[in-house]
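> Pasting in a structure now, in structure tokens, and then I'll have a few things to ask.
The values are calculated or read from the model by the stated rules, or taken from the named source; none is laboratory data. A quick note: this is a predicted structure, and the numbers were derived from the prediction, not measured. Using ideal geometry, Cβ is built from the backbone for each residue, glycine included, and neighbour counts are taken over all protein chains shown.
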């Protein structure tokens, strides 16, 4: 057994499946060669951090069992080809960090407000056009990143405690946005 595995950190799905109760952190890249279609993520009952990087087109239904991981605090989904924002994410009530990057999403449903402990939300490299209206209800949210998206930012949608907003825009656009966000004097716009 590798040292990191003694700490509950796994980078190999096959090895993690042999001792699912020990897994606290799982980092997997899934591609066409891997048989992950039958993986029930619900068996990782002690999982705190999950990083999935996919190289294939997969249906959301393949990952829906992640929604039962109530201890999960950090979830990163990279290049997962979602057609719609996965609503099973809203079941992850202890989630503090969420990154959904490299997909075709163009909206996030209002159900995001169920994630009361969320302090970092990164929705990047997608077609996101609008933020959900009830984003302002996420009082714990400190960092919002919408890098590489055409999203429109409206100050009345931002949570009152937000401290960092990451966007990738021309400097003139960032300056204009800073002016619009005068109600957030401690906000850093990058």
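> Of the residues that sit in segment 151-168 and are farther than 13 Å from residue 141 by Cα and buried (at least 17 other Cβ atoms within 10 Å of the Cβ), which one is modelled with the highest pLDDT?
For segment 151-168, the residue satisfying everything is 151.
> Does segment 21-33 include one or more residues that are surrounded by 14 or more Cβ atoms within 10 Å (Cβ to Cβ), at pLDDT below 90 and assigned to a loop (DSSP other than H, G, I, E, B)?
Within segment 21-33, none of the residues are surrounded by 14 or more Cβ atoms within 10 Å (Cβ to Cβ), at pLDDT below 90 and assigned to a loop (DSSP other than H, G, I, E, B).
> Taking only pairs six or more apart or across chains, which ones have beta-carbon atoms under 7 Å, a first residue in segment 155-167 that is outside any loop (DSSP other than H, G, I, E, B), and a second residue that is modelled with pLDDT under 85 and surrounded by 14 or more Cβ atoms within 10 Å (Cβ to Cβ)?
Matching pairs, first to second residue: 155/181; 165/187; 165/189.
> Search segment 48-71 for residues that are at positive phi and part of a strand (DSSP E or B) and pair each with any residue that is surrounded by fewer than 17 Cβ atoms within 10 Å (Cβ to Cβ) and at pLDDT below 85 when their beta-carbon atoms are under 8 Å apart and the residues are at least 6 apart or on different chains.
So the pair list comes out empty.
> Same structure again: Within segment 133-150, how many residues are part of a loop (DSSP other than H, G, I, E, B) and crowded, with 19+ Cβ neighbours inside 10 Å?
Residues in segment 133-150 being part of a loop (DSSP other than H, G, I, E, B) and crowded, with 19+ Cβ neighbours inside 10 Å: 4 in total.
> Let me ask another. As an exercise: evaluate residue 143 against (1) at pLDDT 70 or above; (2) in contact with a helix residue (DSSP H, G or I) (Cβ under 9 Å, 6 or more places away or on another chain) and give the number of the one condition it does not meet.
Answer for residue 143: the failing condition is (2).
> Just to check your reading of the model, which residue among 94, 103 is in contact (Cβ under 8 Å) with a residue 12 or more places away in the chain, closer than 15 Å to residue 50 by Cα and assigned to a loop (DSSP other than H, G, I, E, B)?
So the residue among 94, 103 that is in contact (Cβ under 8 Å) with a residue 12 or more places away in the chain, closer than 15 Å to residue 50 by Cα and assigned to a loop (DSSP other than H, G, I, E, B) is 94.
> Regarding residue 76, is this residue surrounded by 18 or more Cβ atoms within 10 Å (Cβ to Cβ) and within 24 Å of residue 136 (Cα to Cα)? First the steps, then the outcome.
Details: surrounded by 18 or more Cβ atoms within 10 Å (Cβ to Cβ): no; within 24 Å of residue 136 (Cα to Cα): yes.
So residue 76 does not fit the description; no.
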